[in-house]
Amino acid sequence: AQSVTQLGSHVSVSEGALVLLRCNYSSSVPPYLFWYVQYPNQGLQLLLKYTSAATLVKGINGFEAEFKKSETSFHLTKPSAHMSDAAEYFCAVSGKGGSYIPTFGRGTSLIVHP
Amino acid sequence: EAGVVQSPRYKIIEKKQPVAFWCNPISGHNTLYWYLQNLGQGPELLIRYENEEAVDDSQLPKDRFSAERLKGVDSTLKIQPAELGDSAVYLCASSLGRANEQFFGPGTRLTVL
């Protein structure tokens, strides 16, 4: 069984401030972990994924995430928020050796203030 | 490279009516997924295809939902009859193999009145 918990349905930051979106997972097998972004009326777009290589994963648009096995976490960060980062962000987990079907979290809406 | 194409983008129907959604995956992608996304929620898998074979369809309500992927390319998801609770966004995604990155279409927003 696998599950994802995203802490905070909404996160509000000022433009230029640090972005931190939290994700905790549970998985009975070594996981693949993903962050997706969804802009209004669009499908999901992959930001980055962890597949057991480096624990610090760099993605598109300046985002990165760190896999911490001891904390079962995969938090998403960006040093400086931009207005264009305002969107819905989803964390997802899938299991290696299993069906690879990702289980998504409920999402976190990132709000960026000027 | 063209992305995943879905149509229609929006559909409004009355309850008990049938409805169908169409998806054209990225060329060469053998794995195709249909997801249901309720407002304020993450996507939930309905069915996954490996080529033309349906696998992982345990979440598909088979009494009213059906899907097909003829020739292992395009896919259609059908609901008959639709219920009020079916109002949601239906997302299609494709990938080159089940362990690889999924590419999502823009979705079809269904409203059942």
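Where a number appears in this text, it was derived from the coordinates with a stated rule and is not lab data. Note that the structure is a prediction, hence the values are computed from the model and not measured. A quick note on method: Cβ atoms are made from the backbone with ideal geometry, for glycine too, and the neighbour counts reach across all protein chains shown.
The table below lists the values:
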item	result
Mean-position separation - Cα centroids, the stretch A:1-26 and the stretch A:61-114, in angstrom	7
Shielding by other protein chains, B:82-95, mean Cβ within 10 Å	1
Choice from A:Ser73, A:Ser12, A:Ser94 with maximal GNM fluctuation in chain A (Cα, 10 Å cutoff)	A:Ser12
HN-Hα J in Hz across the stretch B:46-61 - Karplus 6.51, -1.76, 1.60, θ = phi - 60°, x for Gly and Pro	9, 7, 10, 10, 10, 6, 9, 8, 7, 10, 6, 10, 5, 8, 7, x
Chain A - share of DSSP beta bridges that are antiparallel (%, nearest 5)	90
Trypsin sites (Lys or Arg not before Pro) within the stretch A:58-95: DSSP coil, no more than 15 neighbouring Cβ in 10 Å	A:Lys69
Restricting the stretch B:1-87 to trypsin sites (Lys or Arg not before Pro) in coil, as DSSP defines it, with at most 14 other Cβ within 10 Å	B:Arg9, B:Lys15, B:Lys16, B:Lys62, B:Arg64
Environment charge of A:Gly16, counting only residues whose C-beta is closer than 13 Å and scoring Lys/Arg +1, Asp/Glu -1	-1
Over chain B, relative contact order from alpha-carbon pairs under 8 Å, at least 6 apart, %	37
Summed side-chain charge close to B:Gln17 - residues other than B:Gln17 whose Cβ falls under 15 Å, Lys, Arg +1, Asp, Glu -1	+2
17 Å Cα-Cα reach of B:Lys11 towards lysines, excluding residues that sit fewer than 8 places from it in its own chain	B:Lys78
